[in-house]
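Chemist: Would you mind keeping the following structure in view while I ask a few things?
The values are calculated or read from the model by the stated rules, or taken from the named source; none is laboratory data. What you see is a predicted model, and the numbers here were worked out from it, not measured in a lab. Cβ atoms come from the backbone with ideal geometry, glycine included; neighbour counts cover every protein chain shown.
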Amino acid sequence: MIVLTSVLGGQYRLNGRPALWVAMLLLMTQAVQAHHSFATHYKYDEQVEISGVITEFRLANPHSFMHVEVALESGETEMWEVEANSVVLLRRANITNETFRVGDQVRMTGMRSLDPDRRLMFGMVGETESGESYNFIRPDWDRPAAPITLVRGVERSLDISRLEGTWRRVIREGEIMNLLGESPLPLNEEGLSARANYNPLESKYKDCVPIDIPSLFFIPYLLQIGMNEDQVEFRYEYFDVLRQFTLDGPPRRAHATDQYGISSASIDRDRFVVETIGFPASQAGLGGDFDPLGIGKHVPSSADKRLTEVYRLLNNDEILEVSLTLADPAYLTEPYETTLIWTRVSEGLSEFDCELDIARRSTSNAVRDQE
């Protein structure tokens with residue numbers, strides 16, 4: 001059970017001054033498993049609650065921002081910055097520019113910045129003037145789902161059209177995003193050294209670069225699989241990444257750029273198999289600081305990186321099992337294997353246009369020393 005304990009009788013002292021509406025909450029140790037942490041930016045074990053007037057609310061990609069003017073007991077005011085999820089995810093949580101408007105009173109609860117001198121949080125729950133509450137981080141985005149019984153059925157040759165549709169990853173134990181800890185990857189000395197020296201303020205993603213694979217498979221955005229003439233198309237909602245595969249054809253670049261390597265695709269009985277080589281070296285090619293492989297720090301990759309993806313339909317084609325084998329002798333002692341579960345959904349993909357100033361603004365909120 002998660003226990004919330006208020007400090008200083010419900011008042012939080014900021015720079016020696018009591019804030020009338022600002023309360024600091026401490027979460028017990030179980031919070032590591034139950035809450036988003038955004039480990040390079042925010043404290044998973046400290047939450048701040050503020051109430052005040054909204055002076056700015058900008059819904060954007062990859063993150064949104066709100067400014068809240070908070071009144072103090074002294075009669076002075078101070079400005080708090082609230083970082084939040086992308087406009088795509090906020091809309092799925094029924095949050096729009098009409099939900100929270102400039103001039104409205106708002107009560108916001110969120111994770112405290114790792115920098116104690118900044119009035120900054122990542123918004124988790126917002127309450128409107130009329131008392132309506134909205135989850136800025138939906139529980140199904142950062143908590144394990146109820147266990148799913150996987151039914152494999154009788155093995156039969158795969159008709160590739162059965163993969164068509166829209167899919168969302170099911171979060172299971174050990175797959176929580178944005179935690180800080182040891183990477184599950186079998187890192188060698190070079191991998192350990194690179195991870196130890198990672199500086200989040202220098203992340204390449206600050207420049208609106210689409211994220212690498214396998215990181216792209218872990219985020220809470222949708223995947224749409226379809227057919228276009230003789231090609232199988234994987235379109236990822238995040239950054240509108242399109243990977244295209246030709247069945248049983250020669251290896252070819254699957255994306256408009258070389259970021260996603262050179263892939264070959266085939267059907268092996270009831271499985272769709274994609275094998276990719278030819279990746280360029282990357283700062284986050286094996287894991288991102290936000291995903292369950294990086295766990296708080298990027299893990300780089302070399303030009304020797306290899307990735308095998310095996311897709312298999314289960315549960316009357318309502319579940320897509322994705323088995324991954326990731327290898328890179330420059331940073332791993334041996335190949336790493338993991339399996340993800342995706343569920344079929346009826347939603348469509350939303351447009352995702354990354355705004356450079358927003359990406360850099362979000363990255364600038366990071367703190368290098370997180371431990």
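Chemist: From the list Val68, Val102, Val106, exactly one residue is more than 21 Å from the chain's Cα centre (by Cα), surrounded by fewer than 16 Cβ atoms within 10 Å (Cβ to Cβ) and aliphatic (A, V, I, L, M). Which is it? Walk me through how you get there before you give the answer.
Modeler: Numbers: Val68 fails: surrounded by fewer than 16 Cβ atoms within 10 Å (Cβ to Cβ); Val106 fails: surrounded by fewer than 16 Cβ atoms within 10 Å (Cβ to Cβ).
Testing whether each residue is more than 21 Å from the chain's Cα centre (by Cα), surrounded by fewer than 16 Cβ atoms within 10 Å (Cβ to Cβ) and aliphatic (A, V, I, L, M) leaves just Val102.
Chemist: Of the residues Val241, Val299, which is assigned by TED's automatic domain parsing to the domain that holds Val345, touching a His at 6+ places or on another chain (Cβ under 8 Å), touching a residue at least 12 places away in the same chain (Cβ under 8 Å) and more than 17 Å from Ser161 (Cβ to Cβ)? Please lay out each step first, then the result.
Modeler: Numbers: Val299 fails: touching a His at 6+ places or on another chain (Cβ under 8 Å).
The match here is Val241.
Chemist: Which is farther than 17 Å from Asp353 by Cα and surrounded by 17 or more Cβ atoms within 10 Å (Cβ to Cβ), of Pro186, Pro220, Pro210, Pro200? Steps first, please.
Modeler: Values: Pro186 fails: surrounded by 17 or more Cβ atoms within 10 Å (Cβ to Cβ); Pro220 fails: farther than 17 Å from Asp353 by Cα; Pro210 fails: farther than 17 Å from Asp353 by Cα.
Exactly one residue qualifies, and that residue is Pro200.
Chemist: Would you be able to say whether some residue in region 167-179 is over 18 Å from the mean Cα position of the chain (by Cα) and surrounded by fewer than 19 Cβ atoms within 10 Å (Cβ to Cβ)? Steps first, answer last, please.
Modeler: Quick first cut of region 167-179, residues over 18 Å from the mean Cα position of the chain (by Cα) only: none.
No, there is no match, as no residue in region 167-179 is over 18 Å from the mean Cα position of the chain (by Cα) and surrounded by fewer than 19 Cβ atoms within 10 Å (Cβ to Cβ).
Chemist: Within region 111-128, which residues are under 8 Å from Val82 (Cα atoms) and of a type in the set (Gly, Ala, Ser)?
Modeler: If the condition is that a residue be under 8 Å from Val82 (Cα atoms) and of a type in the set (Gly, Ala, Ser), then Gly123 is the only one that fits.
Chemist: Among the listed residues Asp45, Asp104, identify the single one that is touching a helix residue (DSSP H, G or I) at 6+ places or on another chain (Cβ under 7 Å) and either farther than 19 Å from Thr363 by Cβ or assigned by TED's automatic domain parsing to the domain that holds Glu173 (or both).
Modeler: Exactly one residue qualifies, and that residue is Asp45.
Chemist: Something else about it: List every residue pair whose Cβ atoms lie under 9 Å apart, where the two residues are 6 or more positions apart in sequence or sit on different chains, the first residue falls within region 57-82 and is in contact (Cβ under 8 Å) with a residue 12 or more places away in the chain and assigned by TED's automatic domain parsing to the domain that holds Leu120, and the second residue, located anywhere, is surrounded by 22 or more Cβ atoms within 10 Å (Cβ to Cβ) and of a type in the set (D, E, K, R).
Modeler: His63/Glu83; Ser64/Glu83; Phe65/Glu83; Met66/Glu83
Chemist: Where the second residue is small (Gly, Ala, Ser) and the first is exposed (fewer than 11 other Cβ atoms within 10 Å of the Cβ) and lies in region 346-366, which pairs have Cβ atoms under 9 Å and are six or more apart or on separate chains?
Modeler: Pairs that qualify, where the first residue is exposed (fewer than 11 other Cβ atoms within 10 Å of the Cβ) and the partner is small (Gly, Ala, Ser), are Ser346/Gly165; Asp357/Ala60.
Chemist: Condition test on Gly153, is it part of a loop (DSSP other than H, G, I, E, B) and not assigned by TED's automatic domain parsing to the domain that holds Val48?
Modeler: Details: part of a loop (DSSP other than H, G, I, E, B): yes; not assigned by TED's automatic domain parsing to the domain that holds Val48: yes.
When the stated conditions are applied, Gly153 passes them.
Chemist: Also: Quick check: anything in region 142-155 at pLDDT 80 or above and surrounded by 15 or more Cβ atoms within 10 Å (Cβ to Cβ)?
Modeler: Looking through region 142-155, none of the residues is at pLDDT 80 or above and surrounded by 15 or more Cβ atoms within 10 Å (Cβ to Cβ).
Chemist: Now a separate question. Answer yes or no as to whether Val88 is β-branched (Val, Ile, Thr), in contact (Cβ under 8 Å) with a residue 24 or more places away in the chain, in contact with a Ser or Thr (Cβ under 6 Å, 6 or more places away or on another chain) and not assigned by TED's automatic domain parsing to the domain that holds Glu321.
Modeler: Details: β-branched (Val, Ile, Thr): yes; in contact (Cβ under 8 Å) with a residue 24 or more places away in the chain: yes; in contact with a Ser or Thr (Cβ under 6 Å, 6 or more places away or on another chain): yes; not assigned by TED's automatic domain parsing to the domain that holds Glu321: yes.
Yes: the conditions hold for Val88.
Chemist: Also, quick follow-up: In this structure, is Ser364 modelled with pLDDT under 95 and over 17 Å from the mean Cα position of the chain (by Cα)? Spell out how you get there, then give the answer.
Modeler: Numbers: modelled with pLDDT under 95: yes; over 17 Å from the mean Cα position of the chain (by Cα): yes.
It is true that Ser364 is modelled with pLDDT under 95 and over 17 Å from the mean Cα position of the chain (by Cα).
Chemist: Any residue at all in region 284-303 that is modelled with pLDDT of 95 or more, within 30 Å of Glu155 (Cβ to Cβ) and among the polar types (S, T, N, Q)?
Modeler: Looking through region 284-303, none of the residues is modelled with pLDDT of 95 or more, within 30 Å of Glu155 (Cβ to Cβ) and among the polar types (S, T, N, Q).
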